[in-house]
1. Exactly one condition in (1) at pLDDT 95 or above; (2) of a type in the set (D, E, K, R); (3) farther than 28 Å from CYS391 by Cβ is false for ASP316; which is it?
2. Check whether at least one residue in the stretch 555-571 is surrounded by 17 or more Cβ atoms within 10 Å (Cβ to Cβ) and part of a loop (DSSP other than H, G, I, E, B), and report yes or no.
3. Could you please give the count of residues in the stretch 305-347 that are surrounded by 19 or more Cβ atoms within 10 Å (Cβ to Cβ) and among the aliphatic types (A, V, I, L, M)?
4. From the list LYS352, LYS345, exactly one residue is in the same structural domain as SER524 (by TED's automatic domain parsing), free of Cβ contacts under 8 Å to residues at least 24 places away in the same chain and farther than 30 Å from ARG216 by Cβ. Which is it?
5. Name the pairs: first residue in the stretch 139-163 and farther than 17 Å from ILE90 by Cβ, second residue of a type in the set (Gly, Ala, Ser) and modelled with pLDDT of 95 or more, Cβ to Cβ under 6 Å, at least 6 apart or on different chains?
6. Can we say GLU230 is outside any loop (DSSP other than H, G, I, E, B) and of a type in the set (D, E, K, R)?
7. What number goes with the only condition from (1) loosely packed, with under 13 Cβ neighbours inside 10 Å; (2) of a type in the set (Asp, Glu); (3) closer than 14 Å to GLY362 by Cα that GLU278 does not pass?
Amino acid sequence: MINITLPDGSLKQFNKGATPMDVANSISHGLARNVISAKFKDTIVETATPLTEDGTLTLFTWNDQEGKTAFWHSTSHIVAQALEELYPGIKLTIGPAIENGFYYDVELPEGSISDKDFQKIEQKAIEIARGKHEFKMRSLSKSEALDFYKEQGNEYKVELIENLEDGTITFCDHDSFTDLCRGGHIPNTGIVKAIKILSVAGAYWRGDENNTQLTRVYGISFPKQKELTEYLALLEEAKKRDHRKLGKELELFTFSQKVGQGLPLWLPKGAALRERLEQFLKKAQKKAGYEMVMTPHIGQKELYVTSGHYAKYGEDSFQPIKTPKDDEEFLLKPMNCPHHCEIYKTKPFSYKDLPKRYAEFGTVYRYEQSGELHGLTRVRGFTQDDAHIFCMPEQLDQEFKDVIDLSLYVLKSLGFEDFTAQVSVRDLNNPDKYIGSVENWEKAEQAIINAADEKGLDYVIEKGEAAFYGPKLDFMVKDALGRKWQLGTIQVDYNLPERFELTYKGSDNELHRPVMIHRAPFGSMERFIALLLEHTGGNFPLWLTPEQAIILPVSEKHEKYAEKVLKSLENNEIRALLDSRNETIGKKIREAEMNKIPFMLIVGETDEKANTISVRKHGGEDLGAISIAAFTDLVNTEINSTLKSF
């Protein structure tokens with residue numbers, strides 16, 4: 001017999017060789033009908049995997065992310081089979097599940113796949129799925145696996161297998177199809193009821209521009225056709241909210257090939273919006289005891305060698321800048337933290353001086369591959385709302401909780417109410433990914449978990465997601481379309497203070513090492529604004545929007561009064577503009593709606609006589625004729641209800 005522990009702590013006994021599906025059936029037949037994946041002793045297994053030892057078992061359905069991952073990974077096998085049958089001679093490479101759906105990278109024998117081919121691929125895949133073929137895992141020796149793919153002439157799979165250890169190689173079979181695979185499938189193909197091919201793109205083998213360019217086929221699948229229909233409707237809404245489209249329409253930012261890929265240019269409205277975001281955070285930071293600093297855009301290569309960033313990020317950085325002086329090299333700054341460490345070192349500190357909180361809106365640079373660049377969310381130059389807190393170990397808990405409070409204030413002030421927290425810790429199986437002692441890592445990880453518990457955060461622990469120098473707490477925000485984004489991060493770091501030999505004099509008159517907290521509530525200004533654009537659809541909170549009101553005179557003879565209204569609003573610090581073009585009032589309203597201006601103030605003869613303005617809200621709500629003072633109160637009330645004081 002074996003003892004199986006369930007997530008609620010209950011213990012069940014089964015005969016050795018029982019499967020996760022047997023366990024599900026022992027709980028309820030209803031559960032068994034819905035179980036599509038399982039995890040045994042922290043390893044994803046098949047629902048038909050025989051269990052031969054004691055351990056903890058978790059069962060997953062479509063409602064769990066792990067269940068969706070197995071579902072989409074399994075669908076990638078189905079689509080790969082469809083592609084093989086439709087395109088004889090095709091070479092399969094890799095086909096993982098991703099956050100929403102899956103992709104499969106293939107080398108076509110000739111020609112290309114276009115959106116005209118999507119329907120026939122979907123039809124063939126659904127035809128295969130309806131066969132209800134079981135997914136079955138089997139082990140092969142390294143030589144057998146190599147022979148299989150050498151016979152097929154698939155050099156990609158051969159390369160993958162050559163990097164695997166003998167005894168760890170498995171294949172997955174369903175119907176007449178087989179593929180190199182580590183596992184993690186649903187019970188059978190019949191569970192997949194709806195498949196949609198979303199797009200195709202070019203992708204270099206192993207992400208290396210020097211390798212062959214493959215065709216990447218993106219898709220998604222669902223257990224019900226209704227869910228696919230709802231998802232496609234959501235995609236259409238996402239297209240309307242695409243920050244690249246809205247950014248152009250609202251004249252916020254642009255890109256120039258001459259300036260360079262991934263280097264955004266902020267237009268006046270966008271620059272003003274950024275400035276308001278910066279001032280919003282600076283005001284809260286000042287109350288929280290932060291001091292603003294500024295650091296250069298470059299630094300000597302040695303600075304980043306000391307910090308460890310060159311070893312870890314060197315390949316993703318711009319190449320070193322050589323000067324006329326021998327052996328002198330600079331890097332475009334990939335991170336702000338080494339510079340802040342050097343600021344801390346400019347004078348000695350005692351325990352009475354700590355914590356020191358240095359903040360900076362610092363621009364950093366990473367050389368992202370051109371194929372990975374995407375609007376403002378993936379760029380080569382971006383500004384972080386960075387801050388680094390240097391504190392004593394006994395101050396760490398309170399400082400970390402204070403940063404959580406600041407981060408929550410930022411998110412809620414900008415309308416991000418639906419979020420969870422993610423505690424990212426080390427992957428104990430890959431210690432080479434990290435710097436620093438095990439003892440320091442354990443202290444840092446526990447400090448984050450304690451703070452998250454004390455603040456009552458809803459959080460999950462993700463192994464292997466820590467930064468190379470320390471664990472972190474990330475806020476995973478759900479936007480208006482239900483998509484999850486990582487916004488804001490807080491990291492505990494015992495390692496950089498050691499590398500830079502930072503000290504403070506303690507009450508015992510001895511030198512001690514401070515702990516460092518890295519934090520960025522926005523993350524990067526570029527990415528944050530992109531996500532805010534898509535979350536709001538360009539309808540920014542009133543305190544942030546570029547123009548809060550537009551004055552629309554009915555005719556030329558009312559322009560003088562309109563100018564008086566404009567001046568009055570400006571005196572009350574309301575951002576307004578005047579549309580005095582010789583156009584119909586209807587056209588002016590339509591264009592103001594397209595520009596997402598919150599309030600349209602229509603002024604005509606009646607308004608001028610009564611000293612009022614006729615107020616129309618974006619979206620069409622008519623608020624009637626009110627005084628300028630009443631409108632000012634309306635704007636301030638709405639702003640104050642959104643923008644609470646920190």
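The values are calculated or read from the model by the stated rules, or taken from the named source; none is laboratory data. These numbers were taken from a predicted model, which means no experiment stands behind them. Quick reminder, even Gly has a Cβ in these numbers, built from the backbone with ideal geometry, and neighbours come from all protein chains shown.
1. Of (1) at pLDDT 95 or above; (2) of a type in the set (D, E, K, R); (3) farther than 28 Å from CYS391 by Cβ, only one is false for ASP316: (1).
2. The answer is no, given that none of the residues of the stretch 555-571 is surrounded by 17 or more Cβ atoms within 10 Å (Cβ to Cβ) and part of a loop (DSSP other than H, G, I, E, B).
3. Going through the stretch 305-347 one residue at a time, the tally reaches 3.
4. It is LYS352.
5. Listed by first residue and then by second, the contacts come to ILE161/ALA145.
6. Against the criterion (outside any loop (DSSP other than H, G, I, E, B) and of a type in the set (D, E, K, R)), GLU230 qualifies.
7. (1)
Condition check ((1) under 30 Å from ASN25 (Cα atoms); (2) touching a His at 6+ places or on another chain (Cβ under 9 Å)) across all residues:
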residue: TYR103; (1), (2): no, no
residue: MET137; (1), (2): yes, yes
residue: LEU146; (1), (2): no, no
residue: ILE186; (1), (2): yes, yes
residue: VAL192; (1), (2): yes, no
residue: LYS196; (1), (2): no, no
residue: GLY202; (1), (2): no, no
